[in-house]
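Contents: one structure, followed by commentary.
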Amino acid sequence: MVYRLLKLGHPRRVAHFLKNLAPGVFLQELCAKPGAIGAVCPSSPYLARRMAGQVPEGDGLVVELGGGTGAVTRALLERGVPPDRLVVIELSGGFVQRLRDRFPDIRVIHGSAADLSLLLPQGEKIRAIVSSLPLCSLPAPISRAILDQWRMLLNDDGVAVQFTYNLRRPGWRDFLRAEEIASTIVWANLPPANISTFSFKTHKLGPPAP
Ligand SMILES: C[S@@+](CC[C@H](N)C(=O)[O-])C[C@H]1O[C@@H](n2cnc3c(N)ncnc32)[C@H](O)[C@@H]1O
């Protein structure tokens, strides 16, 4: 009866369907690598939509970091980012497979955001970097390397969008050297999250952090 309702037809297909539900995959990855996931559940649709809403109009690539189960990926596509302008970087092989199955028209790159400039096509303008990376729980040298990549890759028009569960000022902000041009708290997420949008325009020639 349930099988017929879900139009899945066969118990094995139902088992596959349940195994691939976003919370199940997320929990599996969380247990395996808690520091690299840094969240108790996938981003809510509200958080995902507000992140996507920070992407400015224009051309250039939109680069999503830490695509996970694809909540933000979907919101970016729904916002109108063309599939051939969206690139997702994801470290976990399990999530990469899921993202490729779910979004066959976009580029999903299996690699670390700390190597971003090596992973992206050379010479392409970047409109926005949209990050769900757990910068607070990653080892400090990795977080720093990731932020260095943003500074190096974003030109005058590009922005970086990052959410954090630390509603005050997370430590990685000290290394960012960028202007926060927008900030908003999304309460409809577990836990509530603060989305910040950064521009590197005025900080291009600033001194490096000590
Ligand atoms: C908070 S979770 C993703 C949340 C995602 N928006 C969702 O709804 O599933 C963080 C993601 O960052 C990925 N990640 C962690 N370190 C990374 C790195 N150095 N490079 C790329 N992805 C990384 C994790 O594998 C995980 O998918």
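The values are calculated or read from the model by the stated rules, or taken from the named source; none is laboratory data. Source: prediction; values computed, not measured. Cβ coordinates were reconstructed from backbone atoms using ideal geometry, including for glycine residues, and neighbour counts include every protein chain displayed. Side chains included, ligands, DNA and RNA excluded: accessible areas come from the protein's heavy atoms. Shrake-Rupley method; radii C 1.70, N 1.55, O 1.52, S 1.80 Å.
For the stretch 119-141, how many residues are more than 16 Å from the chain's Cα centre (by Cα) and assigned to a helix (DSSP H, G or I)?
2
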Report, by residue number, each residue of the stretch 70-86 that is more than 12 Å from the ligand (Cβ to nearest atom) and within 23 Å of Leu47 (Cβ to Cβ). Leu77, Glu78, Arg79, Gly80, Val81, Pro82, Pro83, Arg85, Leu86
If Thr164 meets every condition in (1) at pLDDT below 95; (2) closer than 19 Å to Leu30 by Cα; (3) touching a Gly at 6+ places or on another chain (Cβ under 9 Å) apart from one, which number is that one? (3)
Looking at the stretch 135-155, I want the residues that are under 17 Å from Lys201 (Cβ atoms) and have a partner that is part of a loop (DSSP other than H, G, I, E, B) and open to solvent by less than 70 Å² (accessible area, probe 1.4 Å) with Cβ atoms under 6 Å, at least 6 apart or on another chain. Which pairs are those? Leu147/Leu176; Arg151/Phe200; Leu154/Phe200
Can you give me the number of residues within the stretch 80-95 that are open to solvent by 10 Å² or more (accessible area, probe 1.4 Å), in contact with an Asp or Glu (Cβ under 6 Å, 6 or more places away or on another chain) and aliphatic (A, V, I, L, M)? 0
With within 14 Å of the ligand (Cβ to nearest atom) and open to solvent by less than 30 Å² (accessible area, probe 1.4 Å) as the only criterion, which of Val40, Val25 stands out? Val25
Filter the stretch 19-70 down to the residues that are over 23 Å from Asp157 (Cβ atoms), part of a helix (DSSP H, G or I) and touching a strand residue (DSSP E or B) at 6+ places or on another chain (Cβ under 9 Å) and list them by number. Tyr46, Leu47
Gly94 passes all but one of (1) more than 9 Å from the ligand (Cβ to nearest atom); (2) in a helix (DSSP H, G or I); (3) under 28 Å from Leu27 (Cα atoms); which number fails? (1)
Which of the following residues is free of Cβ contacts under 8 Å to residues at least 40 places away in the same chain, open to solvent by less than 50 Å² (accessible area, probe 1.4 Å) and away from the ligand (no atom under 13 Å from the Cβ): Ile106, Ile126? Ile106
Residue under question is Ser137, and the condition is that it be away from the ligand (no atom under 12 Å from the Cβ), open to solvent by 10 Å² or more (accessible area, probe 1.4 Å) and of a type in the set (Ser, Thr, Tyr); does it hold? no
